[in-house]
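Structure provided below as structure tokens; questions to follow.
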There are 2 protein chains.
Amino acid sequence: MAELKWYEKAGQNSDVAVSTRVRLARNLRRAVFPARANLSQKEAVVKEVRAALMNSNSVLSREFRFLPLGELSPQAAASLAERHIVSPEFIADRQGKAVLVSEDESVSIMINEEDHLRIQVLREGLALKEAAETADRIDTLLGETLDFAYDKDFGYLTQCPTNLGTGMRASLMLHLPGLSGSGSMARVASNLSKLGLTLRGAFGEGSKAVGEMYQLSNQITLGLSENQAIENLSAIAGQLMGEEKRFREAMCQEAGWQDRISRAAGVLKSARLMSGSEAAEQLSLVRLGLAEGMLEGLEIGEVNGLMVQSQPATLMAREGRGMEEKERDRRRAELLRGACRELRDAEA
Amino acid sequence: MAELKWYEKAGQNSDVAVSTRVRLARNLRRAVFPARANLSQKEAVVKEVRAALMNSNSVLSREFRFLPLGELSPQAAASLAERHIVSPEFIADRQGKAVLVSEDESVSIMINEEDHLRIQVLREGLALKEAAETADRIDTLLGETLDFAYDKDFGYLTQCPTNLGTGMRASLMLHLPGLSGSGSMARVASNLSKLGLTLRGAFGEGSKAVGEMYQLSNQITLGLSENQAIENLSAIAGQLMGEEKRFREAMCQEAGWQDRISRAAGVLKSARLMSGSEAAEQLSLVRLGLAEGMLEGLEIGEVNGLMVQSQPATLMAREGRGMEEKERDRRRAELLRGACRELRDAEA
């Protein structure tokens, strides 16, 4: 059996915290920003960054695969975005871009995204400090070879001024069916923005987050150290998760929610066709049921994995071929039926 | 374990034919029609009919219970209608009415419905001849004592002229998801009406029949013998059932229907709250799945029984107490979960 990907595991506080992401924006002092660079200038940056990592003596470098985006099929590129290895924007135009990705897919370095480098570390559950430390280690390693654009007043220079300073954005993917189900999201998001944090749906457009998944991120990168930003985010996330848990407790006493959760398990076990958005909603209910002890027979890490695997491009990448929507819906239902076989109501 | 009620069994052609009903309208020559009778006149009719059955020497009479409607709770009366023992109209005003009902609930005699007597015989599946024979036997038995209003030209006299003649209405309850799902009902119903038959939703109002259950009945009672009417209905029902089966075969090849059927089983096994109309729809899909060999682990007769038992008044009668809608939805889901425990996709 292959090693589990980071997103197939459950971590600290996994009942609410799905994953942690820390990313650092870095640029090379003597290269123009990707938005203004031509193809050969971009390719030179790719080459330089790749060499800095691959030629380093660190044991870390041996774990990385180099993926030149231009050589990937659209489907393989889309699957990278579904697995959170790259940003959705990164794959829109694939020329002159590349990504370095660690074996368990938890560390990636996007080359020629908005900035020359976007060092990204992902971890299951709540793991801000660990993720920040890993990102820092890679930053240090690359900094031994690469000459990063840095100003003593402004810190790391980035294309977009909102990233100036630390260049760090730390995010938590949070599963918030309690706050969302009780209609509290608008109030919570507004309070958080006063604290310099943003909360928004992790997937999909508009006000309703697909599968009740939200991204909580720091906004401020200037005038505050990486550690301060991480500690600030960590403290507020703790409060938010506590509030989520209280709403869940009340919800789980309600017959209507017990019914929805139990049905979600029944539908995942029986459906023969399922769209991606329905899968996200049903898995969200099952995740809630498992976290609150109402369901058993499946691990939360497995649910996290299914949420990723049931997305269209990753589903096709798994099969190694393109599929029409109808066939994807069939294959997705089959995957979920198999995985949820043992899922059942917890013994009273 | 109590003897099964007729509606808990499956009979001939049970894949499509749920049940057969034959009813005879009879009136006493020397009494005014129920609509014009006062309470004491009605009570005299009740007494006379009861005595005619109970005092007869036939073994049949020993199986009957006498239920004076005025002494029943509204809930017990409603459950009689849900079990098809009496017509829904019969229980609207309960004074001066009674019903004689056989132990397995397959034979009932409503006293002071629209006519003085409505002799009704119910059978599982397609059993027109058997039902007509039983009705004839009871008619003969009662006719030995009672003086039925009969005219040599018009036959049996009834309050409504549409029943004049044989006074017989034969009906089949048919499960028609194939014809209904393919949008053929309007065409079929229009063709049948030209043949002197009516086809309409067995439950509910409007064009959509709840649970895809339809009632096919003869319309003509004058100028045609009971046997001719039965044979006519029987022949046309045979064609209709054949057409239904052809539509089902095509449907069951479709991924969308396979999905709906398999999900229905999953939902019935997992839901913790279920409305009566949802139960009818899910049971209809499961009935189709069992009949076409796509599901297993439950008998069609059991599905027939669940369709009756999951109706509100019968659900309350079973518990022996009144229940609010929310509690009924909970109890109904519990009943269905338990009964559908073994329901599963058929082995490929």
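The values are calculated or read from the model by the stated rules, or taken from the named source; none is laboratory data. Note that the coordinates shown come from a computational prediction; the quantities given were computed from them, not determined experimentally. Neighbour counts run over all protein chains shown; Cβ positions are idealised from the backbone, glycine included. All accessible areas refer to the heavy atoms of the entire protein, side chains included, with ligands and DNA or RNA removed. Shrake-Rupley method; radii C 1.70, N 1.55, O 1.52, S 1.80 Å.
Is there a pair in A:Lys269/B:Lys245; B:Lys47/B:Lys97; A:Lys269/B:Lys269; A:Lys47/A:Lys97; A:Lys9/A:Lys129 whose C-alpha atoms are over 21 Å apart, and which pairs would that be?
Those over the limit are A:Lys269/B:Lys245.
Can you name the chain A residue with its Cβ nearest the rotation axis from A to B, and give the distance in Å as a whole number?
Residue plus distance in Å, as requested: A:Gly266, 2.
Roughly how crowded by other chains is peptide B:257-263, in terms of the mean Cβ count from those chains within 10 Å of each of its Cβ atoms?
If you average over the peptide's residues, the count of other-chain Cβ atoms is 5.
Now for a different question. Just how far, in whole angstrom, is the range B:275-310 from the range A:29-46 if you go by their alpha carbon centroids?
What the calculation gives is 66 Å, centre to centre.
At a temperature of 37 °C and a viscosity of 0.692 mPa s, determine how fast the range B:178-266 diffuses translationally according to Stokes-Einstein, using the Kirkwood radius over alpha-carbon pairs as Rh; express D in µm²/s, rounded to the nearest whole number. Let's see the in-between values first.
On the way: Rh = 14.6 Å.
Approximately 225 µm²/s, per Stokes-Einstein.
Now, a different point. Return, for the Cα atoms of chain A, the radius of gyration and Dmax in Å, separated by a comma.
Computed over the Cα atoms of chain A, radius of gyration and Dmax are 20.7, 65 Å.
Now for a different question. Take every residue in peptide B:269-281, count the Cβ atoms of other chains within 10 Å of its Cβ, and give the average of those counts.
Average neighbour count from other chains, rounded to a whole number: 4.
How far, in nm to one decimal, is A:Arg94 from itself in the other copies if the label point is set 7 angstrom along Cα toward Cβ? Shortest first, please.
7.4
Moving to a separate point now. Would you mind putting A:265-271, B:157-163, B:94-100 in packing order, based on average other-beta-carbon counts within 10 Å, highest first?
So the order, starting with the most tightly packed, is A:265-271, B:94-100, B:157-163.
Within the range B:219-255, report the trypsin sites (Lys or Arg not before Pro) that DSSP leaves as loop and that have at most 16 other Cβ atoms within 10 Å.
Filter output for the range B:219-255: empty list.
Taking the label point as lying 7 angstrom from Cα along the Cα-to-Cβ axis, what are the distances from A:Arg187 to the corresponding position in the remaining copies, in ascending order and in nanometres?
Shortest to longest, the spacings are 5.7 nm.
If packing is taken as the mean number of other Cβ atoms within 10 Å per residue, what is the order of A:313-321, B:329-337, B:289-297, highest first? Spell out each step's value before the answer.
On the way: A:313-321: 16.0, B:329-337: 20.6, B:289-297: 18.9.
Taking the mean over residues of other Cβ atoms within 10 Å, the ranking is B:329-337, B:289-297, A:313-321.
How much area per residue is accessible in the range A:263-323 when the probe is 1.4 Å and only protein heavy atoms are counted (Å²)?
Accessible area per residue, the range A:263-323: 30 Å².
Compute the separation of the alpha-carbon centres of the range B:121-192 and the range A:101-162 and state it in Å as a whole number.
First find each Cα centre; the distance between them is then 82 Å.
Considering only the label points, 7 Å along Cα→Cβ from Cα, what distances in nm to one decimal separate A:Glu342 from the same position in each other copy, shortest first?
From this label point to the equivalent ones elsewhere in the assembly: 2.6 nm.
Quick check for you: with a 1.4 Å probe and neighbouring chains kept, what is the accessible area per residue of the range B:1-65, in Å²?
58
Rg(Cα) of the range B:206-348 divided by 2.2 N^0.38 Å?
Dividing the Cα Rg of the range B:206-348 by 2.2 N^0.38 Å gives 1.23.
On average, how many beta carbons from a partner chain sit within 10 Å of the beta carbon of a residue in B:16-25?
Shielding by partners across B:16-25 averages 0.
Quick one: pull the percent of accessible area on chain A belonging to carbon and sulfur, 1.4 Å probe, ligands and nucleic acids left out. Don't jump to the answer; show the numbers that get you there.
Details: 7440 of 15500 Å².
Carbon with sulfur: 48 percent of the solvent-accessible area.
Here's a follow-up. What's log10 of I(q)/I(0) for the protein assembly as shown at q = 0.06 Å⁻¹, Debye sum over Cα points only, no solvent?
The computed values of log10 I(q)/I(0) come out as -0.52.
For the range A:86-202, give the share of DSSP beta bridges that are antiparallel, in percent and rounded to the nearest 5; count only bridges with both residues there. Working shown, then result.
Numbers: 12 of 13 bridges.
In the range A:86-202, approximately 90 percent of DSSP beta bridges are antiparallel ones.
Okay, next question. Taking the Cα atoms of the range A:58-206, what is the range of coordinates along each of the three principal axes, in descending order and whole Å?
49, 43, 28
Rounded to the nearest 20 Debye, what is the dipole magnitude of the range A:266-348 about its Cα centre when Lys and Arg each give +1 and Asp and Glu each give -1 at the C-beta?
It works out to roughly 380 debye.
With a probe of 1.4 Å, find how much accessible area the range B:122-233 has per residue, and write the answer as a whole number in Å².
For the range B:122-233, the solvent-accessible area averages 46 Å² per residue.
Which ³J(HN,Hα) values, rounded to whole Hz and listed in residue order, are derived for the range A:145-154 from phi using the Karplus coefficients 6.51, -1.76 and 1.60 in 6.51 cos²θ - 1.76 cosθ + 1.60 with θ = phi - 60°, glycine and proline given as x?
9, 8, 9, 6, 6, 9, 10, 5, 8, 8
For B:Lys42, which aspartates and glutamates qualify as cross-link partners when the Cα separation must be under 19 Å and same-chain residues fewer than eight apart are set aside?
B:Glu71, B:Glu89, B:Asp93, B:Glu113, B:Glu114, B:Asp115, B:Asp147
Interface A/B, total buried accessible area with a 1.4 Å probe, nearest 100 Å²?
Details: alone 16160 and 16170 Å², together 31010 Å².
In total, chains A and B hide about 1300 Å² from solvent.
What nm value, rounded to one decimal, do you get for the distance between B:Lys129 and A:Lys152 when each label is placed 7 Å out toward the C-beta?
For the pair B:Lys129/A:Lys152, the computed spacing is 10.9 nm.
Under a 5 Å amide H to amide H cut-off, with H placed in plane at 1.01 Å, what residues pair with B:Ala98 once short-range neighbours are removed?
Distant-sequence amide H within range of B:Ala98: B:Leu69, B:Ile111.
Could you tell me which residue out of A:Gly178, A:Leu164, A:Leu195 lies farthest along the dipole of the range A:136-209 toward its positive end? Charges go on the beta carbon: Lys and Arg +1, Asp and Glu -1, centred on the Cα centre.
Going by the charge dipole, the pick is A:Gly178.
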